[in-house]
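Colleague: Attaching a single structure in structure tokens format; questions to follow.
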Amino acid sequence: MKTALTEVVQQATWGKEVEQILRACVHCGFCTAVCPTYQLLGNELDSPRGRIYLIKSCLEGNPVGLETQRHLDLCLTCRACETACPSGVQYGRLLDIGRNLIEEQLTRPLKPRLWRWMVRAILSHPRRFNTLLDIGRIFHLILPKTLREKIPPLIKTADWPVPNHTRHMMVLEGCVQPSLVPTINVATARVLDRLGISLLRTSVGCCGALNYHLGAQAEALNQMRRMIDEWWPCLETGTEAIVITASGCGTLVKDYGYLFRDDPQYADKAARVSELTFDISEILIKENISALLPSTPPPHSTKKVALHIPCSLRHGQKQEGLIESLLTQFGFELTAVADNFTCCGSAGAYSILYPTISQQLRENKLTALQAGEPQVIATANIGCQIHLQSQSPIPVRHWIELIADRLDNRLLVSQRKNRL
Ligand code: SF4
Ligand code: SF4
């Protein structure tokens, strides 16, 4: 694609990068076939190719309006288009730059501006979120449906294992996950404990993803700096890795190195943080969790699971096959799921900001997930889990909880055998 970028854009630190991205696009349109918003809305401007044109037009100095901003806002940032693109166009990077530029040039109307501010002010601050969640649980019957369905019941958790191993890793607790489904990180700690690794808790905080994708990039970068400052002393004193159980957060933390590449104070630390950040599935494969498996799977152990790999893991981290392999090794039967590369509609705060599109995508996804009559739906990101669970007749769980339960059952069986 030919470009005529403005002088200002060419001089920007990201000027060369956007030029390369735009030049790589050959307008073939392969990406449109996999784009959920194009499939639902049927408008070229709500497709990746259309959005690339809009961003290019903005970078060439043409005036932009609220309509352009809305087409970019409606993107789910699922990045399925990147996976489908034969030319390797880095659409996600281009979108971040385009959204940020337009955010700087335009002022949104008051209502959407306030709504977005409120979403950011609550969801990325764990204390505020906790307080409102407690209130929401008390008054859930009078809440609007879109909020009510996002409030899961209180869950009792097992104890966090005592950190008594010499090997240790730390977990990104996340901003909403510890209050919504606290069992996920406890299950992770239990599984790692069985591998001889203590999982350390860090103070609950936001990795910056929510603000970053809602056009508040300066605030997001400050949140990222706080995370790096918190983790750095642990990484310097022997903590082996940062373990992520929410793939949406993982995608961004793995990108810290790129985002701080021009920051003299944080570039090296951010690169190291990204290097040491792993999704829990990557850790379990690396640590050979299958060695803990019984030589023959226990009888009656097969459970039919429909697996939803979040877009952040599949398209963002380009990770495929690990969770499938782990669940199969642990005796779970994975059911076939059609269109499994398509977004479920959760997409961070998207389900709150654009409920109509989000709910349609959820309906399609739940139909596909239930086709094989699974007993449980498993996923790897808190946002997808809460979004799907709100309308699913069968339980939706994080896959690590299934593995933890199976390991605990095995332990119980072997303890019973020892007692006989
Ligand atoms: S598939 Fe890639 S090259 Fe083709 S139009 Fe989409 S972004 Fe451009
Ligand atoms: S990120 Fe997803 S929604 Fe956005 S343009 Fe690409 S495929 Fe479409």
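Colleague: Residues of the stretch 145-169 being surrounded by 14 or more Cβ atoms within 10 Å (Cβ to Cβ), without any contact (Cβ under 8 Å) to a residue 40 or more places away in the chain and not in a loop (DSSP other than H, G, I, E, B), which ones?
Modeller: Arg148 - this is the single residue of the stretch 145-169 that is surrounded by 14 or more Cβ atoms within 10 Å (Cβ to Cβ), without any contact (Cβ under 8 Å) to a residue 40 or more places away in the chain and not in a loop (DSSP other than H, G, I, E, B).
Colleague: Which condition number does Val34 fail, the rest of (1) more than 14 Å from ligand 1 (Cβ to nearest atom); (2) touching a residue at least 60 places away in the same chain (Cβ under 8 Å) being met?
Modeller: Checking Val34 against (1) more than 14 Å from ligand 1 (Cβ to nearest atom); (2) touching a residue at least 60 places away in the same chain (Cβ under 8 Å), the one that fails is (1).
Colleague: Right, something else. Quick one: count up the residues across the stretch 177-210 that are touching a Cys at 6+ places or on another chain (Cβ under 9 Å) and either β-branched (Val, Ile, Thr) or in a helix (DSSP H, G or I) (or both).
Modeller: Summing the residues that are touching a Cys at 6+ places or on another chain (Cβ under 9 Å) and either β-branched (Val, Ile, Thr) or in a helix (DSSP H, G or I) (or both) in the stretch 177-210 gives 5.
Colleague: Okay, moving on. Could you tell me which of the residues Glu320, Glu236, Glu275 is closer than 27 Å to Ile386 by Cβ and surrounded by fewer than 18 Cβ atoms within 10 Å (Cβ to Cβ)?
Modeller: Every option except Glu320 fails the conditions.
Colleague: Here are some conditions: (1) free of Cβ contacts under 8 Å to residues at least 60 places away in the same chain; (2) in contact with a Cys (Cβ under 8 Å, 6 or more places away or on another chain). Thr237 meets all but one. Which one does it not meet?
Modeller: Of (1) free of Cβ contacts under 8 Å to residues at least 60 places away in the same chain; (2) in contact with a Cys (Cβ under 8 Å, 6 or more places away or on another chain), only one is false for Thr237: (2).
Colleague: Let me ask something else about it. Among the numbered criteria (1) more than 16 Å from ligand 1 (Cβ to nearest atom); (2) not in a helix (DSSP H, G or I), which one does Cys28 miss?
Modeller: The single condition Cys28 does not satisfy is (1).
Colleague: Here's a follow-up. Give the residues of the stretch 34-55 that are among the acidic types (Asp, Glu) and surrounded by fewer than 21 Cβ atoms within 10 Å (Cβ to Cβ), sorted by residue number.
Modeller: Glu44
Colleague: Only one of (1) within 11 Å of ligand 1 (Cβ to nearest atom); (2) more than 21 Å from Leu214 (Cβ to Cβ) fails for Pro63. Which number is that?
Modeller: (1)
Colleague: Can you spot a residue in the stretch 207-221 that is crowded, with 24+ Cβ neighbours inside 10 Å, without any contact (Cβ under 8 Å) to a residue 40 or more places away in the chain and closer than 26 Å to His398 by Cα?
Modeller: Checking the stretch 207-221: not a single residue is crowded, with 24+ Cβ neighbours inside 10 Å, without any contact (Cβ under 8 Å) to a residue 40 or more places away in the chain and closer than 26 Å to His398 by Cα.
Colleague: Still on this structure, I have one more. Note down all Cβ pairs under 6 Å where the first residue falls in the stretch 57-86 and is within 29 Å of Cys384 (Cα to Cα) and assigned by TED's automatic domain parsing to the domain that holds Lys16, the second is outside any helix (DSSP H, G or I) and away from ligand 2 (no atom under 13 Å from the Cβ), and they're at least six residues apart or on different chains.
Modeller: Gln69/Leu106
Colleague: Between residues in the stretch 87-109 that are part of a helix (DSSP H, G or I) and residues that are charged (D, E, K, R) and away from ligand 1 (no atom under 13 Å from the Cβ), which pairs lie under 7 Å by C-beta distance while being six or more apart or on different chains?
Modeller: These pairs meet every condition: Arg93/Glu17.
Colleague: Condition first: within 27 Å of Gln10 (Cα to Cα) and within 14 Å of ligand 1 (Cβ to nearest atom). Now tell me which residues in the stretch 38-59 satisfy that.
Modeller: Correct list: Leu45, Asp46, Ser47, Pro48, Arg49, Gly50, Arg51, Ile52, Tyr53, Leu54, Ile55, Lys56.
Colleague: So, one more: Pick from the stretch 1-33 the residues that are surrounded by fewer than 21 Cβ atoms within 10 Å (Cβ to Cβ) and of a type in the set (Val, Ile, Thr): which of them is nearest to ligand 2 (Cβ to nearest atom)?
Modeller: Thr32
Colleague: On to the next question. Can you find a residue in the stretch 296-305 that is over 29 Å from Leu326 (Cβ atoms) and free of Cβ contacts under 8 Å to residues at least 40 places away in the same chain?
Modeller: The answer is no; no qualifying residue exists.
Colleague: Also: Report yes if Val18 is within 16 Å of ligand 1 (Cβ to nearest atom), of a type in the set (A, V, I, L, M, F, W, C) and over 20 Å from Leu101 (Cα atoms), otherwise no.
Modeller: no
Colleague: Taking the options Cys75, Cys58, Cys81, name whichever one is within 22 Å of the chain's Cα centre (by Cα), part of a helix (DSSP H, G or I) and surrounded by 21 or more Cβ atoms within 10 Å (Cβ to Cβ).
Modeller: Every option except Cys81 fails the conditions.
Colleague: How many of the residues making up the stretch 83-124 are out of contact with any Ser or Thr (no Cβ under 7 Å at 6 or more places or on another chain) and within 15 Å of ligand 2 (Cβ to nearest atom)?
Modeller: Residues meeting the conditions: 15.
The values are calculated or read from the model by the stated rules, or taken from the named source; none is laboratory data. Keep in mind it's a predicted model, so treat the numbers as computed, not measured. Here the Cβ is made from the backbone with ideal geometry for all residues, glycine too, and neighbour counts use every protein chain on show.
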